[in-house]
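Beneath this line is the structure, given in C-alpha cells, with notes to follow.
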Amino acid sequence: MGILHSCYGFGCFASPWVATQFAQLPHWNFFFLVSLGVAAFNVSSLIYVFRLKRQSHFIPEIHAQGHENTTSGSKYAQIMSQKSVHLVAFFLLFHVGGCATVGGWIFTYLLRERGAGPSAGYVSAGFAGGVALGRLILLPLNSLIGHKYVVIIYCTIGIGLELIVWFVPSLIANAVMVSIFGLVMGPLYPIAMNVTSSLIPQRLLAGSIGWIAAFGPAGAAVFPFLMGALSSKFGVFVMQPLPMPPKFDPNDPAVAELIASFQAIGLSKPKATDAARNPKNAATLKEIVDENDLKGKGLNEKQASLVATLAIQAGNLGSTARSYVVSGVSDGKLKSVDQVTAAVKYLEAHPAPVNEGEFNKECGVGQHAYIHVFGEKCVELSSEQVGESVTKQFEAHPADGWPSLMAFINSAKSTPSLRWAPPLEVKTSVEKLFTERFGPKETGAKGKAKEPKAPTKPAAAAPSSEPTTTSSKSTERTVFEEGFLGKLHKPGGNPQIHPHLREQHLSTTGGKVFTRFPPEPNGYLHIGHSKAIFVNFGYAAHYGGHCYLRYDDTNPEAEEARYFESILEMVRWLGFEPYRITYSSDHFQTLHDLAVELIKRDKAYVCHCTAEEIKANRGGEERGPRKACVHRTRPIEESIAEFAGMRDGKYQPGEAILRMKQDLEDGNPQMWDLVAYRVLNAPHHRTGAKWRIYPTYDFTHCLCDSFENISHSLCTTEFITARQSYDWLCDALEVYKPRQSEYGRLNLTGTIMSKRKILKLVKEKYV
C-alpha cells in the first residue's frame, strides 16, 4: 500500500515542479496542454487495462475464493454501520485537507511574508516529493514501531515543523521544514488504509475502502477553500498559532545586504530601504537586478527608481518581459512612471515577441519627451503640432472662457495625441489659444472677449443655461448672470474621462442645473452660511434647476439631531425649499465598495502610521524632504484584507486608515495621499452600529456629488486646492465628474463666523 501511494506522491511532486517551470516562461499557458496530454494517457491506460468490460466481468475473479450471496443494498448498510470506517474516513478528511492546504498555502506564504519569487513553486514540489519519499523510506520504521505509535510520533513532529515555519523568518529554513513535513505526513494515508484492511471483514473491504477513498480526499477541496476564504478576509496570519507578523529591521544582515544591492543600481539609501520593506516587491526587484546585471549598468537615480517601480507592478510578467522594460529604462526610452506602467500593461496583454511599433505607440517611446505616432513610426511632435492638437480638441469640446482653463488643459492632456506631451508645452499652447479666442487673460478673466452690441439689446445671459427670471424688456442683470456666476459652464460642459459619462449625466438631468448645499450637521449655521445657501439654491432656481440639501453626516462622534433640524429650518427661513433632502450616509455601502475598487486599481492602501509619522513624511524645513509612507507599496491583496479588518473591528481608532495613492511629487498638499477612511467606535444616527469605518470629506464629497449628478459643485475659495484631488478621485474610479467652482466666502467684522464658537455660546447659555 505504501509503494502504491508513493507513486501517487511522485505525481504530486512532478506537477508543481513542471508548473513552476512553465510559470517562468512567456507561454506559461502551455502547461495546460501538458495536463491534457497526461489525462489522455491515463484514459488510454484505463481502456487498455480494463478493455471497456463491465464490473460483472471481474466480480467472479474477485470472489474466486468464496462469494457470499449478499445483496448490494444490505452490504452497503453493513459498511455504513461500521464505526471504524467513519473514524478512518474523518481522519483522512483532516489529514488530506491539511496536507493540501499546506502544499498550496506555502507558496503564497513564502511569496508574501518571506520575499520569495516565482521559484517558490519548487517548495510545493519539495513538499509533495517528501510525501512520496516518506511513503517508501519510512516503511521499515512503521513496521518496527507499530502503526498506533508511529501516527502519534509523525503528527507531533509535523506540528513542531509547522511552528518552525511560522517563527523562523528564513526562506531556506522554511522550505526545508516544509519538505520534512511532507516526509512525515506521507505515510499516514497508506497506514490508514492498512489499518482499515485489518479491521473490516474481507467481504466489506472493497466497499469500505471505496467510501474512505471518496470521503477522505474531499478534505483537499474543503480545507483549502475555507483557509483561502479566511486568509483573503483576515490576512495570511489568521492561520498562524500566534499573530506575530515579521518586523522590518534594516540592520538585519540579510536586509542590509539587500539594501546595499539596491543602492548599487543607483537608488539612494532611503529609497533603497523603502524598496526592501516589502518582501514580495524586494524579491522581485532582486531578481530583476540579478537577471539584468544592473549593478554595472550605471543607472542614474531616476532610472533606478523606475526599475523599482517596475518591481512593484510587474508581478505577472516573466523575466523576458521584465528585461524588455529594463532595457527601455536603461536606454532612456522609458522616462516616466506613467510610461513604465503603460509598458507593463502592454506586455501583460501582449506576450513575446513584442511588436516594437505597437509598444512605442502605447508607451510614448520616442527620441524626445513627446512624440506622435503615425502608424508604426514614432516621430518628434513639434510645438506647432502640439498647438494643432490643442486646437482640434477645442473645436471638438469648446471652452467657455478663462475660468475653464485648467479643466480644458486636463481634458487636452487625456487625448491620445497629447498623452505623452510635456505638461508645460500643452499649457503654453492652450493659453495661446485662449488668448486668441477670449482676449488677454487680464480682461478675459472677467468674462469672454467683449463684442460690439447695440445699446437697445439686452445683455447676454450667463452661459450655463437660459435664465427663468430675466425679462426680455429689462437690461438689468442679476448676480447669477455676471461676474463669477455668470461665467460658469453649461450643464454637461464639464470635461469627463469618458464621453459616455457626460451623456449619461445629461440623460439623467435633462440638461438642467443641479447644485447642492452640503453642511456638516455638527453645529449651528452662522451668517457666513447664508451666502452658501443663497449661491447654491439661488443659482439653481435662477436657471430652472434644482438644489439638494445634503447632510454630510460622516462623523457620528460630532453629529446631533438638533443640528439637522436647525439647518433645515435656516434654509427655509431664507426662503428656499430643498429639491431633496439626502445624507452622505445614504451611500455608505456604495462608498465602501468604491474604496475596495480603488484598492484593486492600486490607487489606495491601508496605512498604520501615526499622525506624527504622517506629518513627518510630508516634509518641510524642519522635517526634511517629503517621503512615501512605508505601507504605500504593500500588495493589493494585503490592503484589501486589512481594509476588511478595519471594517470588521480588527483595529481601534488611530491604528489603521485607508489612504488614497495620489502623487507625492505634486506641489499641492491635497495630492499627498489623503485619508479616505478611518476607524471610529461610534454608532451612527441612521445606520446604528453597522459600520466601524467612516469615509472622510475628501473621499465622500466628490463621489456624493457624482451620485447625485451635480452639474455645478459650488464652494468657497478655501477649497481651491481640493479641486485637484476632487477631480483625481472621480477619474481614478472612472465615474461622472462634476465641476467644482469656487467663490469668495462671506466675512463680516463684529460678529462670529465660526460654528465652534457659536456652539460654545449656546452651551454656556449666552444665547
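The values are calculated or read from the model by the stated rules, or taken from the named source; none is laboratory data. Keep in mind the model is a prediction, meaning the values are calculated, not measured. Using ideal geometry, Cβ is built from the backbone for each residue, glycine included, and neighbour counts are taken over all protein chains shown. Note: areas computed on protein heavy atoms with side chains; ligands, DNA, RNA excluded. Shrake-Rupley method; radii C 1.70, N 1.55, O 1.52, S 1.80 Å.
Considering segment 627-652, and only residues there that are assigned to a loop (DSSP other than H, G, I, E, B) and of a type in the set (Ser, Thr, Tyr), the residue that is farthest from Pro270 (Cα to Cα) turns out to be Tyr651.
Within segment 698-750, the residues that satisfy the criterion of being among the β-branched types (Val, Ile, Thr) and touching a residue at least 24 places away in the same chain (Cβ under 8 Å) are Thr700, Ile710, Thr716, Thr717, Thr721, Val735. Return yes when Ser261 is modelled with pLDDT of 85 or more, buried (at least 18 other Cβ atoms within 10 Å of the Cβ) and outside any loop (DSSP other than H, G, I, E, B) and no when it is not. The answer is yes for Ser261.
For segment 317-337, filtering for residues that are within 16 Å of Leu299 (Cα to Cα) and part of a loop (DSSP other than H, G, I, E, B) leaves 6.
Residue pairs whose Cβ atoms lie under 6 Å apart, sitting 6 or more positions apart in sequence or on different chains, and linking a residue in segment 660-689 that is in contact (Cβ under 8 Å) with a residue 24 or more places away in the chain and over 18 Å from Pro625 (Cα atoms) to a partner that is open to solvent by 40 Å² or more (accessible area, probe 1.4 Å) and small (Gly, Ala, Ser), are Pro683/Ala689.
Yes or no, residue by residue, for (1) assigned to a loop (DSSP other than H, G, I, E, B); (2) in contact with a helix residue (DSSP H, G or I) (Cβ under 7 Å, 6 or more places away or on another chain); (3) at pLDDT 90 or above; (4) surrounded by fewer than 21 Cβ atoms within 10 Å (Cβ to Cβ):
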site: Arg659; (1), (2), (3), (4): no, no, yes, no
site: Gln662; (1), (2), (3), (4): yes, yes, yes, yes
site: Glu665; (1), (2), (3), (4): yes, no, no, yes
site: Ala676; (1), (2), (3), (4): no, yes, yes, no
site: Asn681; (1), (2), (3), (4): yes, no, no, yes
site: Tyr694; (1), (2), (3), (4): no, no, yes, no
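One residue alone among Ala213, Ala206, Ala192, Ala220 is closer than 17 Å to Phe127 by Cα and in a helix (DSSP H, G or I), and that residue is Ala220.
Within segment 324-350, residues that are in contact (Cβ under 8 Å) with a residue 12 or more places away in the chain and farther than 21 Å from Leu294 by Cα reach partners that are of a type outside the set (A, V, I, L, M) and part of a helix (DSSP H, G or I) with beta carbons closer than 6 Å, at six or more positions or on different chains, in the pairs Ala342/Glu362; Ala342/Cys363; Tyr346/Phe359; Tyr346/Glu362.
Applying the set (1) closer than 22 Å to Arg634 by Cα; (2) crowded, with 19+ Cβ neighbours inside 10 Å; (3) more than 25 Å from the chain's Cα centre (by Cα) to Pro270 leaves exactly one unmet item: (2).
Restricting attention to segment 691-749, and to residues there that are small (Gly, Ala, Ser) and more than 19 Å from Pro403 (Cα to Cα), which single residue is nearest to the chain's Cα centre (by Cα)? Only one residue tops the list, namely Ala732.
Of the residues in segment 106-135, how many are within 22 Å of the chain's Cα centre (by Cα), at pLDDT 65 or above and open to solvent by 10 Å² or more (accessible area, probe 1.4 Å)? Number satisfying all stated conditions: 2.
In segment 484-502, what residues are open to solvent by less than 40 Å² (accessible area, probe 1.4 Å), within 21 Å of Tyr743 (Cβ to Cβ) and assigned to a helix (DSSP H, G or I)? Answer for segment 484-502, where residues must be open to solvent by less than 40 Å² (accessible area, probe 1.4 Å), within 21 Å of Tyr743 (Cβ to Cβ) and assigned to a helix (DSSP H, G or I): Leu485, Gly486. If you check Glu68, Glu61 for being touching a helix residue (DSSP H, G or I) at 6+ places or on another chain (Cβ under 6 Å) and at pLDDT below 70, only one passes: Glu68. Looking at Glu655, is it touching a Lys or Arg at 6+ places or on another chain (Cβ under 8 Å), open to solvent by 50 Å² or more (accessible area, probe 1.4 Å) and not small (Gly, Ala, Ser)? No, not satisfied. Taking segment 277-315 as the search range and keeping residues that are closer than 14 Å to Val255 by Cβ and open to solvent by less than 10 Å² (accessible area, probe 1.4 Å), which one is modelled with the highest pLDDT? Here the answer is Leu285. When we screen Ala611, Ala628 for residues that are small (Gly, Ala, Ser) and touching a Gly at 6+ places or on another chain (Cβ under 9 Å), the only hit is Ala611. I'd like the full set of residues that are in contact with a Phe, Trp or Tyr (Cβ under 7 Å, 6 or more places away or on another chain) and surrounded by fewer than 21 Cβ atoms within 10 Å (Cβ to Cβ), limited to segment 731-752. Hits for segment 731-752 are Glu742, Tyr743. Scanning segment 608-626 turns up no residue that is in contact (Cβ under 8 Å) with a residue 12 or more places away in the chain, open to solvent by less than 10 Å² (accessible area, probe 1.4 Å) and either in contact with a strand residue (DSSP E or B) (Cβ under 6 Å, 6 or more places away or on another chain) or under 28 Å from Thr687 (Cα atoms) (or both).
Counting only residues that are within 22 Å of Glu503 (Cβ to Cβ), assigned to a helix (DSSP H, G or I) and open to solvent by less than 20 Å² (accessible area, probe 1.4 Å), how many does segment 395-410 have? Even if it seems obvious, please write down each step before you answer.
Start the filter on segment 395-410 by keeping residues that are within 22 Å of Glu503 (Cβ to Cβ), which leaves 395-400, 404, 407-408, 410.
Restricting the remaining residues to those that are assigned to a helix (DSSP H, G or I) gives 395-396, 404, 407-408, 410.
Narrowing further to those that are open to solvent by less than 20 Å² (accessible area, probe 1.4 Å): 407-408.
Here the count works out to 2.
Filtered by the rule that a residue be of a type in the set (D, E, K, R), in a helix (DSSP H, G or I) and either touching a residue at least 12 places away in the same chain (Cβ under 8 Å) or open to solvent by less than 50 Å² (accessible area, probe 1.4 Å) (or both), segment 503-553 gives a lone residue, Lys531.
Only one entry of Asp727, Asp698, Asp705 meets the criterion of being farther than 24 Å from Ser639 by Cβ and in a helix (DSSP H, G or I), and that entry is Asp705.
Can you tell me how many residues within segment 667-690 are more than 21 Å from the chain's Cα centre (by Cα) and closer than 26 Å to Leu488 by Cβ?
The qualifying residues number 1.
Conditions tested, residue by residue: (1) farther than 26 Å from Arg745 by Cβ; (2) at pLDDT 90 or above.
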position	(1), (2)
Ala641	yes, yes
Asp648	yes, yes
Gln652	yes, yes
Asn668	no, no
His685	yes, no
